[in-house]
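Structure record follows, encoded as structure tokens.
Readers should treat all values here as calculations from the given coordinates under stated rules, not as data from a laboratory. The structure presented is a predicted model; accordingly, all values stated were derived computationally and were not measured. Cβ placement follows ideal geometry from the backbone for every residue including glycine, while neighbour counts extend to all protein chains displayed.
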Amino acid sequence: MPDLAAASGEGCARVYPLTTDRLTLERLTPAEAEAIRALVDDPAMVRFTANIPHPYAPETAVAWVEQTLARMAEGKELVLVARRRDHPQAPPVGCVGLLTERDPDDAAPRIEIGYWVARAHWGQGYAVEMARALIGHAVRDLGVGFVEARLMAENRASLTVVQRLGMTYLGPARVAAPARGTTIESLRYGLSAEAFLAAERARRPLVMVAAGALIDDDGRVLLCRRPPGKSMAGLWEFPGGKLDPGEPPEEALIRELAEELAIKVLPGCLAPIGFASHAYPTFHLMMPLFACRRWRGTLAPQEGQEIAWVRPQRLRDYPMPPADEPLIPALQDLLGA
Ligand SMILES: Nc1nc2c([nH]c(=O)n2[C@@H]2O[C@H](COP(=O)(O)OP(=O)(O)OP(=O)(O)O)[C@@H](O)[C@H]2O)c(=O)[nH]1
């Protein structure tokens, strides 16, 4: 049985918050009770849920948070609160959670996902984005092999979510609805870890890029600015580019450095520093970074790109693509900054 608290112990501090293209997902804390109550206390929101009462009193929200935190501490539940990355102080967009459940006829406990999105954010794909992040975490970090969802047949929005997640219909189920004092007919959907990972790979193909940290005699590093019109325009990056099919990264980098900066580099002058592995919205970037202190020719930008020679301790003054962030300390270490 997977332990849903497994990723919150010592040494795993960097697992949370999970981040997605638009959201930050942080573990539930007692401080969230009132913000959650304010969003959930909405008849349109609770219409399709089994156990959210309406009206939703402040003490009910506090009690729910307390109970949930107790279950989270036991590894039986994991609830994350989603906020927009561009509005971190704004009220939450919604919540997504996993819980372990056991019906009388279940041979083994099952892991069920649940989510809600505040009404102001409906129709923008947030439920799918939150659920994908949490399922990805469950599958990759917590050893969860199968995730279920239960929803009411008339909940069209949730049906779209489970379909977009790639879940398949498993059959009908009756769900206890304590807030209504009854049970309700619902539909069971499910997704295996393998199917989830296959869908993720198809949605986000792997792109291999080779990049170089050119280092001058003063220990400064060359950054190039992404020109207007390109993705992530205006950010500073290491020179380099995509590998051609079958091309080794060193060869690709040497070719790119000649094309972009008119310099000739020999393979022996490239030393690996580290790599970036980052999920962008439409592709997964894998990018080895090589240090290079020697080249031939006069370095001259060939594509009109702005360049800067940057002292290692000043690298953070230059906004870089998110994939590059983890490479900065490695480069600073190398250069003794
Ligand atoms: N060269 C380079 N590319 C980087 C860095 N960090 C990073 O995320 N990338 C991404 O890796 C890809 C490099 O592709 P590329 O250099 O061949 O092509 P491009 O800029 O025209 O990219 P595009 O296909 O996004 O327009 C881009 O999507 C770029 O945003 C970096 O430090 N150097």
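Between A6 and M208, the simple label model (points 7 Å from Cα in the Cβ direction) yields a spacing of 3.1 nm. Extension gain for the segment T298 to Q67, taken as residue separation times 0.36 nm less the Cα-Cα distance, is 76.6 nm to one decimal. Sorted from longest to shortest, the spans of the Cα atoms of the chain along the three principal axes equal 79, 39, 39 Å.
One compactness figure for segment 177-231 is 2.51, namely its Cα radius of gyration divided by 2.2 N^0.38 Å. Principal semi-axes of the equivalent ellipsoid, √(5λ) from the alpha carbon gyration tensor of segment 211-332, are 19, 17, 15 Å from largest down. Of Y189, Y56, Y318, Y169, the sequence from fewest to most neighbouring Cβ atoms within 10 angstrom is Y169, Y318, Y56, Y189. In terms of the Cα gyration tensor, with a ≥ b ≥ c the square roots of its eigenvalues, is segment 103-178 rounded because a/c is under 1.5, prolate because a/b exceeds b/c, or oblate? It is oblate, given that a/c is not under 1.5 and a/b is not larger than b/c. Of all lysines in the structure, the ones whose alpha carbon falls short of 29 Å from that of K230, not counting any fewer than 8 places away in one chain, are K242, K264.
If one computes the Cα centroid of segment 93-142 and of segment 293-310, what distance in Å separates the two points? If we compute the Cα centre of each part, the gap is 48 Å.
By the helix-only formula, in which each DSSP H run with n ≥ 4 contributes -39500 (n - 2.57) and the sum is divided by residues, the chain has a 222 nm mean residue ellipticity of -7500 deg cm²/dmol.
Summarised in one figure, the compactness ratio Rg/Rh of segment 1-142, Cα atoms and Kirkwood Rh, is 0.95. The slack in the chain from R102 to H87, taken as 0.36 nm per residue of separation less the alpha-carbon distance, amounts to 1.6 nm.
The tail of the calculated P(r) for segment 285-337, taken as Cα-Cα distances beyond 14 Å, holds 65 percent of the pairs. For the chain, the membrane-span-like helices by this rule, meaning whole DSSP H stretches whose C-alpha atoms cover at least 18 Å of axis and whose Kyte-Doolittle mean is -1.0 or above, are 58-73, 126-141; this says nothing about an actual membrane. Of all DSSP-defined beta bridges confined to the chain, some 85% are antiparallel rather than parallel.
Sorting 300-310, 57-67 by average packing, meaning the other beta carbons within 10 Å per residue, from highest down gives 57-67, 300-310. Length gained on full extension, R174 to S231, computed as 0.36 nm times the residue gap minus the Cα-Cα distance: 15.7 nm.
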